[in-house]
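Below is one structure, written out as structure tokens, with a few remarks after it.
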Amino acid sequence: KKSNYLFLLFAVSNILLSIFVSALVSHTFIEGESEKAVNYAISMQQMHGLTILILLNSKLSFILGRSLIWINSFFSLGLILFCMNIYAIKLLDISLVSFLTPIGGGAFLIGWLLFMTSLPKKFIRYLD
């Protein structure tokens, strides 16, 4: 599927970016709260990038069916609005879109809630 390929590419790109930002932070002058926020964004980016990869490459992709697109869409939206905004604010001093950061966090939550609520229904159907 084309959507799976795009999610796969997006997930791998995010993991690669998180490694780049991690290396950048470890060799720069960022300290205190800024460093803490960037490290948190890095861990969220890695966790959700890996989650997308796992969902796409496991039996869960068959079990979840169409819900997988929605779950990955919310995780991707969270990666863009949450992680990228923290990087822009803390690393580039661009706070123009800082109001979007909590929306990104909400997108992560919606993705997990959708995953949690979809799984039991889909899993029961899968077993039948």
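The values are calculated or read from the model by the stated rules, or taken from the named source; none is laboratory data. Model, not experiment: these values are computed from the prediction. Note: ideal-geometry Cβ built from the backbone for every residue, glycine included; neighbour counts use all protein chains shown. Accessible surface areas use protein heavy atoms only, side chains included; no ligands, DNA or RNA. Shrake-Rupley method; radii C 1.70, N 1.55, O 1.52, S 1.80 Å.
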Practice item. Tell me, yes or no, whether the stretch 28-46 has at least one residue that is under 23 Å from P120 (Cβ atoms) and of a type outside the set (A, V, I, L, M, F, W, C). Key: no
Exercise for review: For A37, state whether it is of a type in the set (A, V, I, L, M) and either open to solvent by 20 Å² or more (accessible area, probe 1.4 Å) or touching a Leu at 6+ places or on another chain (Cβ under 6 Å) (or both).
Suggested key: yes
Review point. Given the conditions (1) touching a residue at least 60 places away in the same chain (Cβ under 8 Å); (2) more than 9 Å from the chain's Cα centre (by Cα); (3) closer than 17 Å to I54 by Cα, which single one is not true for L91?
Key: (3)
Revision key, fill the gap. When restricted to S61, S34, S26, the only residue in contact (Cβ under 8 Å) with a residue 24 or more places away in the chain and more than 25 Å from S3 (Cα to Cα) is S34
Study note, to complete from the structure: The helices (runs of 4 or more DSSP H) lying entirely within the stretch 52-128 that contain at least 2 residues which are modelled with pLDDT of 90 or more and either open to solvent by less than 20 Å² (accessible area, probe 1.4 Å) or closer than 19 Å to N14 by Cα (or both) are 67-78, 84-91, 101-127
